[in-house]
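Asker: Before we start, here is the structure in question, set down as C-alpha coordinates.
The values are calculated or read from the model by the stated rules, or taken from the named source; none is laboratory data. Predicted model, so just to flag it, every value in this text is computed and none were measured. Methodologically, a virtual Cβ is constructed for each residue, glycine included, from the backbone with ideal geometry; neighbour enumeration extends over all protein chains shown. Ligands, DNA and RNA are stripped out before the accessible areas are found, and what is left, the full protein with its side chains, is counted by its heavy atoms. Shrake-Rupley method; radii C 1.70, N 1.55, O 1.52, S 1.80 Å.
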Amino acid sequence: MTTEPNIKLTGVAKIYGTTPAVKAVDLAVAPGECLALVGHNGAGKSTLIKMVLGLVQPSSGEISVMGLDPQAPGFHALRKDIGFLPEQVLFQNNMTGRETLSFYARLKGAPLDSLDDLFHKVDLFAAADQRISTYSKGMRQRLGLAQALIGSPKLLILDEPTSGLDPVSRQNVYGIINAAKRDGATVLISSHALTELDARIDRVAILSRGDLVALGRIADLRRNIGLASDVTLRAAPDVMAKLAQHFDGVYSPDHFINGTAILPCAPDQKVDFLRELVDLNLELSDIVVHDPSLEEVFMAYSRGAGGEKSHG
Ligand code: ATP
(Lines give C-alpha, C1' and ligand atoms only; values in the text may rest on other atoms or scores of the structure.)
Protein backbone atom coordinates (compact mmCIF):
# COMPACT_ATOMS: atom_id res chain seq x y z
CA MET A 1 0.00 0.00 0.00
CA THR A 2 1.41 3.42 -0.89
CA THR A 3 0.62 6.42 1.26
CA GLU A 4 -0.08 9.66 -0.56
CA PRO A 5 2.15 12.48 0.72
CA ASN A 6 0.36 15.26 2.59
CA ILE A 7 2.74 17.77 1.01
CA LYS A 8 4.08 17.40 -2.52
CA LEU A 9 6.07 20.03 -4.37
CA THR A 10 7.11 19.51 -7.98
CA GLY A 11 9.51 22.00 -9.55
CA VAL A 12 8.24 24.77 -7.29
CA ALA A 13 9.86 28.18 -7.68
CA LYS A 14 9.10 31.67 -6.42
CA ILE A 15 10.62 34.84 -7.80
CA TYR A 16 9.95 38.16 -6.07
CA GLY A 17 10.59 40.77 -8.77
CA THR A 18 14.06 39.70 -9.83
CA THR A 19 14.91 37.85 -6.58
CA PRO A 20 14.63 34.08 -6.87
CA ALA A 21 13.52 33.09 -3.33
CA VAL A 22 12.86 29.39 -4.07
CA LYS A 23 14.22 27.54 -7.11
CA ALA A 24 12.67 24.40 -8.65
CA VAL A 25 12.10 22.47 -5.42
CA ASP A 26 10.86 18.85 -5.48
CA LEU A 27 9.74 17.56 -2.10
CA ALA A 28 7.23 15.15 -0.61
CA VAL A 29 6.33 14.67 3.05
CA ALA A 30 4.30 11.64 4.13
CA PRO A 31 1.67 11.30 6.86
CA GLY A 32 3.36 10.49 10.18
CA GLU A 33 6.62 12.10 9.07
CA CYS A 34 8.48 15.12 10.46
CA LEU A 35 10.62 17.08 8.02
CA ALA A 36 12.82 19.96 9.14
CA LEU A 37 13.52 22.84 6.78
CA VAL A 38 16.87 24.40 7.53
CA GLY A 39 18.88 27.13 5.84
CA HIS A 40 20.61 30.46 6.36
CA ASN A 41 18.61 33.66 6.73
CA GLY A 42 16.98 34.38 3.39
CA ALA A 43 17.39 30.78 2.14
CA GLY A 44 13.69 30.59 1.24
CA LYS A 45 12.18 28.62 4.15
CA SER A 46 9.38 31.08 4.97
CA THR A 47 8.55 31.53 1.29
CA LEU A 48 8.27 27.76 0.87
CA ILE A 49 6.02 27.50 3.95
CA LYS A 50 3.84 30.37 2.73
CA MET A 51 3.42 28.61 -0.63
CA VAL A 52 2.37 25.39 1.14
CA LEU A 53 -0.16 27.39 3.17
CA GLY A 54 -1.51 29.06 0.03
CA LEU A 55 -0.45 32.53 1.25
CA VAL A 56 2.02 33.04 -1.60
CA GLN A 57 1.49 31.91 -5.17
CA PRO A 58 4.39 30.01 -6.75
CA SER A 59 5.90 31.51 -9.89
CA SER A 60 6.10 28.00 -11.38
CA GLY A 61 5.71 24.35 -10.45
CA GLU A 62 2.96 22.42 -8.71
CA ILE A 63 2.01 22.10 -5.06
CA SER A 64 -0.38 19.57 -3.61
CA VAL A 65 -1.36 19.79 0.08
CA MET A 66 -3.54 16.91 1.23
CA GLY A 67 -4.39 16.37 -2.43
CA LEU A 68 -5.34 19.95 -3.28
CA ASP A 69 -3.56 22.91 -4.86
CA PRO A 70 -3.33 25.56 -2.10
CA GLN A 71 -4.37 28.17 -4.69
CA ALA A 72 -7.53 26.23 -5.61
CA PRO A 73 -10.86 27.74 -4.50
CA GLY A 74 -11.74 24.67 -2.40
CA PHE A 75 -8.52 24.83 -0.37
CA HIS A 76 -9.98 27.01 2.42
CA ALA A 77 -12.12 24.03 3.46
CA LEU A 78 -8.90 22.17 4.28
CA ARG A 79 -7.57 24.89 6.57
CA LYS A 80 -9.20 23.32 9.62
CA ASP A 81 -6.87 20.35 9.05
CA ILE A 82 -3.78 22.56 9.05
CA GLY A 83 -2.15 23.91 12.20
CA PHE A 84 0.30 26.78 11.74
CA LEU A 85 2.63 28.35 14.26
CA PRO A 86 4.12 31.50 12.68
CA GLU A 87 7.60 32.72 13.54
CA GLN A 88 6.17 35.80 15.29
CA VAL A 89 3.20 34.93 17.49
CA LEU A 90 1.00 37.96 18.05
CA PHE A 91 -2.00 37.85 20.37
CA GLN A 92 -4.35 40.43 21.90
CA ASN A 93 -2.76 41.30 25.24
CA ASN A 94 -6.06 42.10 26.96
CA MET A 95 -7.56 38.66 26.19
CA THR A 96 -6.95 35.61 28.36
CA GLY A 97 -5.32 32.48 27.01
CA ARG A 98 -8.67 30.71 27.14
CA GLU A 99 -10.50 33.49 25.27
CA THR A 100 -7.79 33.40 22.63
CA LEU A 101 -7.92 29.65 22.06
CA SER A 102 -11.76 29.73 22.11
CA PHE A 103 -11.65 32.36 19.37
CA TYR A 104 -9.35 30.23 17.18
CA ALA A 105 -11.32 27.05 17.94
CA ARG A 106 -14.53 28.74 16.74
CA LEU A 107 -12.76 29.89 13.58
CA LYS A 108 -11.72 26.29 12.92
CA GLY A 109 -15.07 24.81 13.96
CA ALA A 110 -13.23 22.74 16.60
CA PRO A 111 -14.96 21.65 19.83
CA LEU A 112 -14.35 24.03 22.76
CA ASP A 113 -14.33 21.19 25.30
CA SER A 114 -10.89 20.09 23.99
CA LEU A 115 -9.23 23.31 25.11
CA ASP A 116 -8.38 22.17 28.64
CA ASP A 117 -6.47 19.24 27.16
CA LEU A 118 -4.54 21.64 24.95
CA PHE A 119 -3.65 23.90 27.89
CA HIS A 120 -2.39 20.84 29.77
CA LYS A 121 -0.42 19.68 26.73
CA VAL A 122 1.55 22.94 26.54
CA ASP A 123 1.73 23.27 30.32
CA LEU A 124 -0.38 26.45 30.46
CA PHE A 125 -3.45 25.16 32.30
CA ALA A 126 -2.71 27.16 35.46
CA ALA A 127 -2.41 30.36 33.41
CA ALA A 128 -5.31 29.71 31.02
CA ASP A 129 -7.53 32.40 32.59
CA GLN A 130 -4.84 35.03 32.92
CA ARG A 131 -4.55 37.90 30.47
CA ILE A 132 -1.86 37.43 27.83
CA SER A 133 -0.26 40.70 28.99
CA THR A 134 0.93 38.72 32.04
CA TYR A 135 2.46 35.91 29.94
CA SER A 136 6.22 35.53 29.52
CA LYS A 137 7.74 35.14 26.02
CA GLY A 138 7.87 31.36 26.42
CA MET A 139 4.24 31.23 27.59
CA ARG A 140 3.14 33.16 24.50
CA GLN A 141 5.11 30.76 22.34
CA ARG A 142 3.42 27.79 24.04
CA LEU A 143 0.01 29.43 23.55
CA GLY A 144 0.94 29.74 19.87
CA LEU A 145 1.70 26.05 19.76
CA ALA A 146 -1.62 25.24 21.45
CA GLN A 147 -3.35 27.41 18.83
CA ALA A 148 -1.64 25.39 16.07
CA LEU A 149 -2.78 22.12 17.68
CA ILE A 150 -6.48 23.06 17.77
CA GLY A 151 -8.58 20.42 16.03
CA SER A 152 -5.76 17.80 15.87
CA PRO A 153 -4.57 18.94 12.42
CA LYS A 154 -3.35 16.47 9.82
CA LEU A 155 -0.67 18.94 8.82
CA LEU A 156 1.31 20.85 11.41
CA ILE A 157 3.58 23.64 10.20
CA LEU A 158 5.80 25.08 12.89
CA ASP A 159 8.11 28.02 12.21
CA GLU A 160 10.84 28.06 14.91
CA PRO A 161 8.60 26.20 17.43
CA THR A 162 11.13 26.23 20.28
CA SER A 163 12.20 29.86 19.98
CA GLY A 164 12.36 31.48 23.44
CA LEU A 165 11.61 28.22 25.28
CA ASP A 166 13.53 26.77 28.22
CA PRO A 167 15.04 23.25 27.89
CA VAL A 168 12.09 21.49 29.56
CA SER A 169 9.56 23.24 27.32
CA ARG A 170 11.71 22.47 24.25
CA GLN A 171 11.69 18.80 25.15
CA ASN A 172 7.91 19.02 25.59
CA VAL A 173 7.53 20.48 22.08
CA TYR A 174 9.25 17.41 20.58
CA GLY A 175 7.02 15.18 22.71
CA ILE A 176 3.98 16.95 21.23
CA ILE A 177 5.40 16.59 17.71
CA ASN A 178 5.95 12.86 18.24
CA ALA A 179 2.39 12.42 19.54
CA ALA A 180 1.05 14.25 16.46
CA LYS A 181 3.16 11.99 14.23
CA ARG A 182 1.84 8.88 15.97
CA ASP A 183 -1.67 10.15 15.18
CA GLY A 184 -0.61 10.27 11.52
CA ALA A 185 0.04 14.00 11.19
CA THR A 186 2.66 15.40 8.85
CA VAL A 187 4.92 17.87 10.62
CA LEU A 188 6.97 20.52 8.82
CA ILE A 189 9.36 22.48 11.06
CA SER A 190 11.49 25.43 10.07
CA SER A 191 14.32 25.95 12.50
CA HIS A 192 17.77 27.39 13.10
CA ALA A 193 18.17 25.29 16.27
CA LEU A 194 20.11 22.55 14.49
CA THR A 195 21.56 20.93 17.61
CA GLU A 196 18.16 20.08 18.99
CA LEU A 197 16.81 18.78 15.66
CA ASP A 198 19.45 16.05 15.52
CA ALA A 199 17.81 12.69 16.37
CA ARG A 200 14.38 14.28 16.74
CA ILE A 201 13.29 14.55 13.12
CA ASP A 202 12.81 11.99 10.35
CA ARG A 203 14.34 13.92 7.47
CA VAL A 204 15.90 17.26 6.80
CA ALA A 205 15.68 19.57 3.79
CA ILE A 206 18.61 21.97 3.46
CA LEU A 207 17.88 25.13 1.51
CA SER A 208 20.65 27.38 0.30
CA ARG A 209 19.79 30.58 -1.57
CA GLY A 210 16.51 29.06 -2.71
CA ASP A 211 18.04 25.75 -3.84
CA LEU A 212 17.18 22.49 -2.13
CA VAL A 213 20.78 21.28 -1.77
CA ALA A 214 20.06 18.19 0.33
CA LEU A 215 17.06 16.13 1.35
CA GLY A 216 17.12 12.96 3.42
CA ARG A 217 17.78 11.31 6.76
CA ILE A 218 20.65 12.98 8.59
CA ALA A 219 22.60 9.69 8.69
CA ASP A 220 22.28 9.31 4.91
CA LEU A 221 23.31 12.90 4.23
CA ARG A 222 26.33 12.43 6.49
CA ARG A 223 27.32 9.38 4.48
CA ASN A 224 26.61 11.00 1.10
CA ILE A 225 28.81 13.99 1.77
CA GLY A 226 31.57 11.78 3.18
CA LEU A 227 31.83 13.36 6.62
CA ALA A 228 33.90 11.21 8.97
CA SER A 229 32.91 10.18 12.47
CA ASP A 230 35.47 10.64 15.24
CA VAL A 231 36.34 7.73 17.49
CA THR A 232 37.97 8.96 20.70
CA LEU A 233 40.05 6.47 22.68
CA ARG A 234 41.46 7.01 26.15
CA ALA A 235 44.18 4.78 27.56
CA ALA A 236 47.44 4.69 29.53
CA PRO A 237 50.68 5.63 27.63
CA ASP A 238 51.85 2.02 27.17
CA VAL A 239 48.48 1.08 25.61
CA MET A 240 48.64 4.18 23.40
CA ALA A 241 52.05 3.03 22.19
CA LYS A 242 50.60 -0.38 21.24
CA LEU A 243 47.74 1.36 19.40
CA ALA A 244 50.22 3.54 17.52
CA GLN A 245 52.10 0.42 16.47
CA HIS A 246 48.95 -1.42 15.41
CA PHE A 247 47.64 1.49 13.35
CA ASP A 248 51.04 2.36 11.86
CA GLY A 249 50.48 3.44 8.27
CA VAL A 250 46.78 4.11 8.90
CA TYR A 251 46.98 6.89 11.49
CA SER A 252 50.10 8.97 12.10
CA PRO A 253 51.84 8.36 15.46
CA ASP A 254 50.95 11.98 16.41
CA HIS A 255 47.42 10.78 17.15
CA PHE A 256 48.66 8.67 20.05
CA ILE A 257 51.10 10.94 21.88
CA ASN A 258 48.92 11.78 24.87
CA GLY A 259 46.25 9.82 26.71
CA THR A 260 43.52 10.68 24.21
CA ALA A 261 43.51 9.61 20.56
CA ILE A 262 40.88 11.10 18.22
CA LEU A 263 40.69 8.94 15.11
CA PRO A 264 38.56 9.92 12.10
CA CYS A 265 36.63 7.01 10.60
CA ALA A 266 34.30 6.74 7.58
CA PRO A 267 30.70 6.13 8.75
CA ASP A 268 30.40 2.81 6.87
CA GLN A 269 33.66 1.53 8.46
CA LYS A 270 32.74 2.48 12.02
CA VAL A 271 31.46 -0.92 13.12
CA ASP A 272 34.42 -2.81 11.62
CA PHE A 273 36.79 -0.34 13.23
CA LEU A 274 35.22 -0.84 16.67
CA ARG A 275 35.35 -4.63 16.19
CA GLU A 276 39.04 -4.39 15.32
CA LEU A 277 39.62 -2.38 18.50
CA VAL A 278 37.81 -4.95 20.66
CA ASP A 279 39.79 -7.77 19.04
CA LEU A 280 43.03 -6.04 20.05
CA ASN A 281 42.05 -6.79 23.64
CA LEU A 282 43.84 -3.72 24.99
CA GLU A 283 42.93 -1.98 28.20
CA LEU A 284 41.15 1.15 27.02
CA SER A 285 39.69 3.40 29.71
CA ASP A 286 37.06 4.93 27.37
CA ILE A 287 35.69 4.87 23.82
CA VAL A 288 33.44 7.67 22.52
CA VAL A 289 32.02 7.72 18.99
CA HIS A 290 31.02 11.13 17.70
CA ASP A 291 29.01 11.30 14.48
CA PRO A 292 29.02 14.62 12.63
CA SER A 293 26.19 16.77 13.97
CA LEU A 294 23.41 18.21 11.84
CA GLU A 295 25.24 21.52 12.17
CA GLU A 296 28.37 19.99 10.58
CA VAL A 297 26.26 18.32 7.87
CA PHE A 298 24.52 21.63 7.23
CA MET A 299 27.82 23.53 6.98
CA ALA A 300 29.25 20.94 4.60
CA TYR A 301 26.23 21.09 2.27
CA SER A 302 26.03 24.88 2.47
CA ARG A 303 29.72 25.12 1.51
CA GLY A 304 29.10 22.82 -1.44
CA ALA A 305 25.86 24.59 -2.43
CA GLY A 306 25.67 25.29 -6.09
CA GLY A 307 27.00 21.83 -6.91
CA GLU A 308 24.90 18.72 -7.33
CA LYS A 309 21.83 18.06 -5.27
CA SER A 310 22.07 15.19 -2.87
CA HIS A 311 18.96 13.25 -1.98
CA GLY A 312 19.70 10.59 0.59
P1 ATP B 1 14.92 33.62 7.67
O2 ATP B 1 15.70 32.45 8.22
O3 ATP B 1 15.68 34.91 7.81
O4 ATP B 1 13.51 33.71 8.18
P5 ATP B 1 14.02 32.45 5.15
O6 ATP B 1 14.83 31.24 4.82
O7 ATP B 1 12.68 32.23 5.73
O8 ATP B 1 14.88 33.43 6.05
P9 ATP B 1 12.62 33.95 3.09
O10 ATP B 1 11.94 34.88 4.05
O11 ATP B 1 11.79 32.93 2.43
O12 ATP B 1 13.90 33.27 3.77
O13 ATP B 1 13.32 34.86 1.98
C14 ATP B 1 13.92 34.31 0.81
C15 ATP B 1 14.32 35.46 -0.12
O16 ATP B 1 13.15 36.08 -0.64
C17 ATP B 1 15.13 36.57 0.55
O18 ATP B 1 16.06 37.03 -0.39
C19 ATP B 1 14.10 37.65 0.84
O20 ATP B 1 14.68 38.93 0.84
C21 ATP B 1 13.14 37.47 -0.34
N22 ATP B 1 11.75 37.83 0.01
C23 ATP B 1 10.99 37.22 0.94
N24 ATP B 1 9.75 37.76 0.98
C25 ATP B 1 9.75 38.76 0.05
C26 ATP B 1 8.76 39.70 -0.40
N27 ATP B 1 7.53 39.72 0.08
N28 ATP B 1 9.12 40.56 -1.38
C29 ATP B 1 10.37 40.54 -1.91
N30 ATP B 1 11.35 39.68 -1.54
C31 ATP B 1 11.05 38.81 -0.57
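Asker: Return a whole-number percent for the relative contact order of the chain, with Cα pairs under 8 Å and 6 or more residues apart as the contact set.
Answerer: Computed value for the chain: 20 percent relative contact order.
Asker: Rounded, prolate or oblate: which one fits the range 78-196, using the alpha carbon gyration tensor with axes a ≥ b ≥ c (rounded when a/c is under 1.5, else prolate when a/b beats b/c, else oblate)? Kindly include the intermediate steps, with their values, before the conclusion.
Answerer: On the way: a/c = 1.60, a/b = 1.11, b/c = 1.44.
Here the range 78-196 falls in the oblate category.
Asker: Quote the relative contact order of the range 1-114 in percent (integer), defining contacts as alpha-carbon pairs under 8 Å separated by 6+ residues.
Answerer: 23
Asker: What angle, in degrees between 0 and 90 and rounded to the nearest 10, separates the Cα long axis of helix 167-182 from the longest principal axis of the Cα atoms of the chain?
Answerer: The answer is roughly 70 degrees.
Asker: Using only DSSP helix segments of four residues or longer, with each worth -39500 (n - 2.57), what per-residue ellipticity at 222 nm results for the chain after dividing by its residue count and rounding to 500?
Answerer: Numbers: 10 runs with 99 residues, N = 312.
After summing the helix terms and dividing by residue count, I get -9500 deg cm²/dmol.
Asker: What FRET efficiency, computed as 1/(1 + (r/R0)^6) with R0 = 51 Å and r the Cβ-Cβ distance, is obtained for F273 and D123, rounded to the nearest 0.05?
Answerer: For R0 = 51 Å, the calculated efficiency reads 0.70.
Asker: Between N94 and R217, what is the spin-label point distance in nm, taking each point 7 Å from the Cα along the Cα→C-beta axis?
Answerer: Simple spin-label model gives 5.4 nm for this pair.
Asker: Right, something else. With a 1.4 Å probe and every protein chain left in place, work out the accessible area per residue of the chain in Å², rounded to a whole number.
Answerer: Solvent-accessible surface per residue comes out at 50 Å².
Asker: What share of all Cα pairs of the range 128-196, in percent, falls into each consecutive 5 Å distance bin?
Answerer: The percentages, shortest bin first, are 4, 15, 27, 25, 17, 9, 3, 0.
Asker: Here's something else I'd like to know. Could you tally the net charge around N178, taking each other residue with its Cβ under 14 Å from the Cβ of N178, Lys/Arg +1 and Asp/Glu -1?
Answerer: So the environment of N178 carries a net charge of +1.
Asker: State the Kirkwood hydrodynamic radius of the range 1-127 in Å, one decimal place, computed from all pairs of distinct Cα atoms.
Answerer: It is 16.8 Å.
Asker: So what's the Cα pair-distance distribution over the chain, bin width 10 Å, in %?
Answerer: 6, 23, 26, 20, 13, 8, 3, 0
Asker: Compute the signed sum of charges (Lys and Arg +1, Asp and Glu -1) over the other residues within less than 15 Å, Cβ to Cβ, of H120.
Answerer: Residues close to H120 contribute a combined charge of -2.
Asker: For D69 and D254, calculate 0.36 nm times their separation in residues minus their Cα-Cα distance, and state this gained length in nm to one decimal.
Answerer: 60.6 nm
Asker: The range 99-162: D in µm²/s via Stokes-Einstein (Kirkwood Rh, Cα pairs, 20 °C, 1.002 mPa s)?
Answerer: My calculation gives 179 µm²/s for D.
Asker: How large, in percent, is the carbon and sulfur part of the accessible surface of the chain at a probe radius of 1.4 Å?
Answerer: 51
Asker: Same structure again: How high is the FRET efficiency between E196 and K80 when r is their beta carbon distance and R₀ equals 25 Å, given to the nearest 0.05?
Answerer: Once rounded, the FRET efficiency stands at 0.25.
Asker: A follow-up question, please. If you stretched the chain out fully between D116 and R303, how much longer would it get, using 0.36 nm times the residue separation minus the C-alpha to C-alpha distance?
Answerer: Residue separation times 0.36 nm, minus the Cα-Cα distance, leaves 62.6 nm.
Asker: Compute the long axis of helix 294-303 from its Cα atoms, compare it with the longest principal axis of the Cα atoms of the chain, and write down the angle in degrees, 0 to 90, nearest 10.
Answerer: The helix 294-303 is inclined about 90 degrees to the chain.
Asker: Next question, about the same structure. Can you give the % of DSSP beta bridges in the chain that are antiparallel, to the nearest 5?
Answerer: 60
Asker: When only C-alpha pairs under 8 Å and at least 6 residues apart count, what is the relative contact order of the range 83-156, in percent? List each step's numbers first, then the result.
Answerer: Numbers: 84 pairs, mean separation 35.9, N = 74.
The normalised contact order for the range 83-156 reaches 49 percent.
Asker: Give me the number: length gained by fully extending D26 to E295, i.e. 0.36 nm times residue separation minus the C-alpha to C-alpha distance, one decimal in nm.
Answerer: Answer, rounded to one decimal: 94.5 nm.
Asker: Could you check which residue among K121, K181, K270 shows the biggest mean-square fluctuation in a GNM of the chain with a 10 Å Cα cutoff?
Answerer: Answer for the Gaussian network model of the chain: K270.
Asker: Still on this model: For the cross-link pairs K8/K137; K23/K108; K14/K137; K108/K137; K154/K270; K45/K154, which exceed 28 Å when the distance is taken from alpha carbon to alpha carbon?
Answerer: Pairs exceeding the cut-off: K8/K137; K23/K108; K14/K137; K154/K270.
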